[in-house]
1. Which three semi-axes in whole Å describe the equivalent ellipsoid of the chain, each the square root of 5 times a Cα gyration tensor eigenvalue, listed largest first?
2. Can you list the HN-Hα couplings for region 56-61, worked out from phi with the Karplus curve (6.51, -1.76, 1.60; θ = phi - 60°), rounded to whole Hz and with x for Gly and Pro?
3. Would you mind checking which residues have amide H under 5 Å from Leu36's amide H? H placed 1.01 Å from N; only 5 or more apart, or other chain.
4. Among Ser44, Ser187, which comes first, then next, by fewest other beta-carbon atoms within 10 Å?
5. Let me make sure I get this right: for region 86-171, a, b and c are the square roots of the gyration tensor eigenvalues over alpha carbons, sorted descending. Under 1.5 in a/c it's rounded, otherwise prolate if a/b > b/c, else oblate. Which is it?
6. Please list the non-local residues whose amide H lies under 5 Å from the amide H of Ser146, H modeled 1.01 Å from N, same-chain partners needing a gap of 5 or more.
7. Using the 10 angstrom Cβ neighbour count as an exposure proxy, how do Tyr87, Tyr48, Tyr110 rank, fewest first?
8. Which one of Val74, Gln104, Gln139 has its Cα pushed farthest toward the positive end of the charge dipole of the chain, where Lys and Arg give +1 and Asp and Glu give -1 at the Cβ?
Amino acid sequence: MIDTHPARNEAVEQALTEDAVDRCIAALWPTPEGGLAYVHQTLSGGEYVSTGLFPRKVLGPRGQGRTVANCARVTTLLWDADLATLYTALLMARGRPVPTRRAQLKEAMYRLPADHLRILRRVLVDQLAPVWSDVMGMQPTAVLDSGWGLHIHLAVDPLLGMRVEDLGKLHNDLTRRMNEAASSIASQLRPSLQ
């Protein structure tokens, strides 16, 4: 877990204990009730675990059945702050060609010198990730290092979690507002990330 506000990182690191991490994971992925399950998949980028619960009987291999219509309950809302998206913005700002395929973009990003990746990560953590808290007016339940970015989570109350379609609309609206705020910040970076 990472606190996106650098001034508080030291206090957060001191407060992190194994019990605190376990409580955080339990808040995001509570133990499924009877007949429900999370979708677990191994993808080329790593392990994937859904943020919603689905009836076991509708789930098939490779995430089949993982649809909004089949989702019984959402346990956490997730925002993915991805270095690849930031790298795309940087290429565009510098007038450089942007690979059309995501795999090509990531290959180019993986070839960057380590110090360039550290700088991109600092911009993401220090300047763009705090937009989440600014828009939400609260701190996230957890900010997890995804390896090539951050996963920002907000645990959802079980009763509210059953309102899957409403949560989808809310998530879309909040994402739009976060993107607008992040775009405003990015436009002030040098070189401008527009």
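Only the coordinates and a few stated rules stand behind these numbers; no lab work does. Values in this document were obtained by computation on a predicted structure and should not be read as measured data. Note that we place each Cβ from the backbone using ideal geometry, even for glycine, and neighbour counts take in every protein chain shown.
1. Values: eigenvalues 181, 86, 57 Å².
Equivalent ellipsoid semi-axes, largest first: 30, 21, 17 Å.
2. After applying 6.51 cos²θ - 1.76 cosθ + 1.60, I find 3, 5, 9, 8, x, x Hz.
3. The answer is Arg56.
4. On the way: Ser44 6, Ser187 12.
Neighbour counts put them in this order, fewest first: Ser44, Ser187.
5. Values: a/c = 2.49, a/b = 1.94, b/c = 1.28.
Note, shape of region 86-171 comes out prolate.
6. Residues meeting the criterion, in which the H sits 1.01 Å from N, are His151.
7. Values: Tyr87 22, Tyr48 13, Tyr110 9.
Final ranking by Cβ density, sparse to dense: Tyr110, Tyr48, Tyr87.
8. It is Gln104.
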